[in-house]
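Since the structure comes first, as structure tokens, the remarks are kept for the end.
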Amino acid sequence: MQNPIIAPSVLAADFTNLAAAAKEIEDSGAEWVHLDVMDGNFVPNLSFGPKMVADLRPCSSKIFDVHLMISNPEIFIPVFAQSGADYITVHAEAAVHLDRIIKSISGLEKKAGVSIVPSTPVSAITEILPVVDLVLVMTVNPGYGGQSLIPSCLEKVKNLVQIRKERNLSFIISVDGGINSSTASLARQAGADVLVAGEAFFGSVNKKAMVAELKGPGF
Ligand code: DX5
Ligand code: ZN
């Protein structure tokens with residue numbers, strides 16, 4: 001088993017000092033920056049938009065993993081692509097024409113991700129798996145950081161690992177919500193390739209040690 005990529009979510013950072021947050025991620029050993037975009041419609045919270053992503057881009061050399069928790073994501077894909085996103089992930093529940101949206105992300109030469117909330121089964125995205133680069137399995141109901149992981153969601157990660165093998169596909173699997181030093185091992189055992197961590201990362205004093213803990217043994 002490989003150590004997972006760690007993607008700290010700046011949602012849990014101090015918004016008055018995001019450049020410092022980017023620097024903390026840079027110095028911690030984490031590989032990605034997770035950016036949670038919320039519209040107050042698809043989820044009951046607001047966060048930030050493409051300008052924030054674009055402003056943060058020069059502050060970081062890491063992969064920008066943009067998680068769009070928004071309705072009508074197709075409207076915003078070009079602007080997030082321009083803002084410096086590397087991965088753009090949309091929710092299956094927010095898109096009727098998911099195939100078209102995923103292909104429009106790939107067409108802009110960005111990695112395309114699809115996400116499912118806890119109540120959505122893997123069967124809702126089986127058709128799209130050959131054309132996505134990433135599947136983001138939500139392990140909390142999206143909208144807020146600092147919630148507890150719903151363990152049953154990890155069964156979906158195991159299922160996706162199996163499907164990927166059976167169908168010889170290459171998407172990577174990310175887990176988002178309630179990841180901390182005790183739940184990370186469950187996500188790793190389920191087969192997650194990427195662990196998103198908000199509160200666990202920004203709430204820790206020693207961020208390097210936290211990243212090592214999340215990555216697990218052998219790192
Ligand atoms: C939840 C977001 C998550 C969140 C994770 O709606 O998609 O990325 O920031 O935060 P923690 O790790 O605190 O659960
Ligand atoms: Zn997220």
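The values are calculated or read from the model by the stated rules, or taken from the named source; none is laboratory data. Predicted model, so just to flag it, every value in this text is computed and none were measured. Please note: Cβ atoms are built from the backbone with ideal geometry, for glycine as well, and neighbour counts cover all protein chains shown.
Numerical summary
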| item | result |
| --- | --- |
| Test: residue in the stretch 168-176 that is without any contact (Cβ under 8 Å) to a residue 60 or more places away in the chain, touching a Pro at 6+ places or on another chain (Cβ under 9 Å), more than 16 Å from ligand 1 (Cβ to nearest atom) and not small (Gly, Ala, Ser) | yes |
| Count - residues of the stretch 166-188 that are in a helix (DSSP H, G or I) and either among the acidic types (Asp, Glu) or in contact with a helix residue (DSSP H, G or I) (Cβ under 8 Å, 6 or more places away or on another chain) (or both) | 4 |
| Among (1) assigned to a helix (DSSP H, G or I); (2) within 14 Å of ligand 1 (Cβ to nearest atom); (3) not polar (S, T, N, Q) - the single one LEU160 does not satisfy | (2) |
| Hey, SER71 of a type in the set (Ser, Thr, Tyr) and within 12 Å of ligand 1 (Cβ to nearest atom) or not | no |
| Index of the failed condition, SER60 passing every other in (1) free of Cβ contacts under 8 Å to residues at least 12 places away in the same chain; (2) more than 16 Å from ligand 1 (Cβ to nearest atom) | (1) |
| Residues located in the stretch 84-97, provided they are crowded, with 22+ Cβ neighbours inside 10 Å and either part of a strand (DSSP E or B) or more than 16 Å from the chain's Cα centre (by Cα) (or both) | TYR87, ILE88, THR89, VAL90, HIS91 |
| Tally of residues being in contact with an Asp or Glu (Cβ under 6 Å, 6 or more places away or on another chain), surrounded by fewer than 22 Cβ atoms within 10 Å (Cβ to Cβ) and either part of a strand (DSSP E or B) or of a type in the set (Val, Ile, Thr) (or both) across the stretch 1-24 | 1 |
| The one condition in (1) touching a helix residue (DSSP H, G or I) at 6+ places or on another chain (Cβ under 7 Å); (2) at positive phi that ILE163 fails to fulfil | (2) |
| Residue under evaluation THR126, criteria (1) without any contact (Cβ under 8 Å) to a residue 40 or more places away in the chain; (2) within 12 Å of ligand 2 (Cβ to nearest atom), criterion not met | (2) |
| Residue that is farthest from ligand 1 (Cβ to nearest atom), among those in the stretch 36-57 that are part of a loop (DSSP other than H, G, I, E, B) and in contact with a strand residue (DSSP E or B) (Cβ under 8 Å, 6 or more places away or on another chain) | GLY49 |
| Some residue of the stretch 28-35 being without any contact (Cβ under 8 Å) to a residue 40 or more places away in the chain and part of a strand (DSSP E or B) | yes |
| Single match in VAL175, VAL196 (criterion: within 16 Å of ligand 2 (Cβ to nearest atom), more than 18 Å from GLU127 (Cα to Cα), in contact with an Asp or Glu (Cβ under 6 Å, 6 or more places away or on another chain) and at pLDDT 95 or above) | VAL196 |
